[in-house]
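Novice: The structure is given below, and queries will be raised subsequently.
The values are calculated or read from the model by the stated rules, or taken from the named source; none is laboratory data. Because the structure is predicted, anything quoted here is derived from the model rather than measured. Virtual Cβ from ideal backbone geometry, glycine too; neighbours counted across all protein chains shown.
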Number of protein chains: 2
Amino acid sequence: MPASEFDIIQRYFREGAGRISAAQAERVRCGIGDDCAVLSLPAGDEMLLSVDTLVESVHFPANYSPQLLARRALAVCVSDLAASGASPMAFTLALTLPAVDEDWLAAFSSSLADAAAEFGMILVGGDTTRGPLCLSLQVMGSAPAGQALLRSGAQVGDAIFVSGHLGDANAALAFLNTESSELLPSQRELLARYHAPVPRLALGQKLRNLATAAIDISDGLVADLGHILKASGVAGVIRLSDLPISAALAEHGGSIDSALSGGDDYELCFTAPASRRAEVVALAQTLNVALTEIGSIQAGSGLRCFDAQNNVYTPVGGYQHF
Amino acid sequence: MPASEFDIIQRYFREGAGRISAAQAERVRCGIGDDCAVLSLPAGDEMLLSVDTLVESVHFPANYSPQLLARRALAVCVSDLAASGASPMAFTLALTLPAVDEDWLAAFSSSLADAAAEFGMILVGGDTTRGPLCLSLQVMGSAPAGQALLRSGAQVGDAIFVSGHLGDANAALAFLNTESSELLPSQRELLARYHAPVPRLALGQKLRNLATAAIDISDGLVADLGHILKASGVAGVIRLSDLPISAALAEHGGSIDSALSGGDDYELCFTAPASRRAEVVALAQTLNVALTEIGSIQAGSGLRCFDAQNNVYTPVGGYQHF
């Protein structure tokens, strides 16, 4: 491909950089187009960062809509900032493309700019290469020093909470390739949860001084809560009857396994002292987001799930990266 | 691949995190293994960052040695920090692998840890996915606020300098697949320049208050100096007889085109006021690195090259990204 096509790509991605607030612009001393981007942190803040790679046919379907891909890729990555309690700031995009397709690039970059504006992020740099379709995004945010939420702070006696509903996105995998006109309204609802996850940014920031540990549910509740338990050196108990299941998911059955082991929801799972339960309830009202207590932290290791009859339930495994 | 192999990969990359100084550790509040890494900047500093993707058979040969790949990938990326005058800090790695090959991972991760220690970097996060071999590295460094070197500061009357020698790595492409035993000593020297580029970190940092603009030469002098000229809104004139050509490259002929348009050297090209020429000479002695004045900045646009007879020379184009 000639150099002019490389320039085309750069042009597509620079446009989104204009739609930022003055406060954000102040933080980006140099954006796209130099050897390095230059970011300025608020005084007393630390920088939080996370990187996610999405490969075609592995993390998203082949021939996936470029609009949906751009928004979903950024949302998935920003969700890590949410889980850490970060205020979003900027991101970079390493984009590998099989060929320069201007229609694809126009749709992708315009959707990416919309998503960036939605999440309060600025694209500050990147790299474009030729190869099988693959995106690597690194997101950066900030939080007051020492206030980032980690996986390792859960304490015996804490209550375990999750935001929103679990299992919706996983259930949508079954009809990802079905024509929209053939879907029931409830199926369309589940599908939207897969295509357009909402990173819980406001929740994460409010949890800075309330949660003892947090993670976003990308690989399924069992796997991700498992990371908190392992990092914190504690055990967890959850009650299946308390898992928040949407009406749409309930309609489609198999909801417990989907809620326990299905990935792609990008809700937050967090722990907080049981004595501060009322603050979590108040926060749910303030933010207008469901926050459901699903269990508790105990001494020991591992996760046990109990059904309504108090029998141990063994969930099927969560998403495996390889 | 089962989850245990994902764990294997994580284990390989955590090991390198132990070989850091106390001062570096102080900057990394949270490294590999949480939703986000947490970095603390020195007071008054800005964060500088850059991302580079390397795809097999595009940016490095198929079946390339994992030792060489790891060091070269990090060096290439760190070179952007050097060009911006940053002090290196931390990096993330998004690694896409066709399969889990433990021998390959052991060699790659050990070489990456060595390179990280050499450049003063800490691996703080990453992502591993399955797919065609591809690496995306993001490097982060810091510099005192307002002191980052940009491409846009060149002024009419500035002198143009380059570090080291030009064209060596490009010339090595001709015998990249030749058995080492069949190579002349000079060919081995050129090959080493391709395999193991040295990012000019110390030079970049010393140039913070001396250079008006800087870039690293990854795509060839003509292309990269062209970026400075365009970003600064000026023209450049270079004298071919002044280009620093190594004895090894001279032996292999075609040196002028290689020096003008060959990529992969990762030397710095920078501009500085002609009145501060003596400081550049002194800096070359302090750092024991060749710094050669090759031309000057003039009013206008574009780059002109003159040969020893003062005739205009039209170089062949530099590396194209697509």
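Novice: Taking segment A:128-152, which residues are among the charged types (D, E, K, R) and either touching a Leu at 6+ places or on another chain (Cβ under 7 Å) or closer than 13 Å to residue B:134 by Cα (or both)?
Specialist: Across segment A:128-152, the qualifying residue is only A:130.
Novice: Can I ask one more? Of the residues that sit in segment A:281-315 and are within 16 Å of residue A:226 (Cβ to Cβ) and polar (S, T, N, Q), which one is modelled with the lowest pLDDT?
Specialist: A:314
Rundown of residues vs (1) touching an Asp or Glu at 6+ places or on another chain (Cβ under 8 Å); (2) within 13 Å of residue B:201 (Cα to Cα); (3) among the small types (Gly, Ala, Ser); (4) modelled with pLDDT of 90 or more, yes/no style:
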position	(1), (2), (3), (4)
B:82	yes, yes, yes, yes
B:90	no, no, yes, yes
B:96	no, no, no, no
B:100	yes, no, no, no
B:117	no, no, yes, yes
B:123	no, no, no, yes
B:136	yes, no, yes, yes
B:145	yes, no, yes, yes
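Novice: Which condition from (1) farther than 16 Å from residue B:283 by Cβ; (2) within 13 Å of another protein chain (Cβ to nearest Cβ) is the one that residue B:204 breaks?
Specialist: Against the list (1) farther than 16 Å from residue B:283 by Cβ; (2) within 13 Å of another protein chain (Cβ to nearest Cβ), residue B:204 comes up short only on (1).
Novice: In addition: On the given criteria, is residue A:79 part of a helix (DSSP H, G or I), of a type outside the set (Phe, Trp, Tyr) and facing chain B (nearest Cβ under 9 Å)?
Specialist: Judged against the criteria, residue A:79 is a match.
Novice: Same structure again: Collect the residues in segment B:113-136 that are surrounded by fewer than 19 Cβ atoms within 10 Å (Cβ to Cβ) and either polar (S, T, N, Q) or part of a loop (DSSP other than H, G, I, E, B) (or both), keeping them in residue-number order.
Specialist: Matches in segment B:113-136: B:120, B:132.
Novice: Before we move on, is residue B:240 farther than 30 Å from residue B:183 by Cα, crowded, with 17+ Cβ neighbours inside 10 Å and not polar (S, T, N, Q)?
Specialist: no
Novice: Okay, moving on. Evaluate the following for residue B:80: is it of a type in the set (Asp, Glu) and within 12 Å of residue B:137 (Cβ to Cβ)?
Specialist: yes
Novice: Taking residue B:225 and the conditions (1) among the hydrophobic types (A, V, I, L, M, F, W, C); (2) surrounded by 22 or more Cβ atoms within 10 Å (Cβ to Cβ); (3) out of contact with any strand residue (DSSP E or B) (no Cβ under 6 Å at 6 or more places or on another chain), which numbered condition does it fall short on, given that it satisfies the others?
Specialist: (3)
Novice: What number of residues within segment B:82-92 satisfy the criterion of being within 22 Å of residue B:31 (Cβ to Cβ) and not in a loop (DSSP other than H, G, I, E, B)?
Specialist: 6
Novice: Now, a different point. In segment A:277-318, which residues are of a type in the set (Val, Ile, Thr), closer than 30 Å to residue A:198 by Cβ and assigned to a strand (DSSP E or B)?
Specialist: Within segment A:277-318, A:292, A:294, A:297 qualify.
Novice: I'd like to verify a number: residues in segment B:188-197 that are out of contact with any Leu (no Cβ under 8 Å at 6 or more places or on another chain), aliphatic (A, V, I, L, M) and crowded, with 20+ Cβ neighbours inside 10 Å, how many?
Specialist: Going through segment B:188-197 one residue at a time, the tally reaches 0.
Novice: Where residues in segment A:93-112 are under 21 Å from residue A:28 (Cα atoms) and surrounded by 24 or more Cβ atoms within 10 Å (Cβ to Cβ), which of them is farthest from the other protein chains (Cβ to nearest Cβ)?
Specialist: A:112
Novice: For segment A:229-245, how many residues meet the condition of being under 22 Å from the mean Cα position of the chain (by Cα) and part of a helix (DSSP H, G or I)?
Specialist: So the answer is 4.
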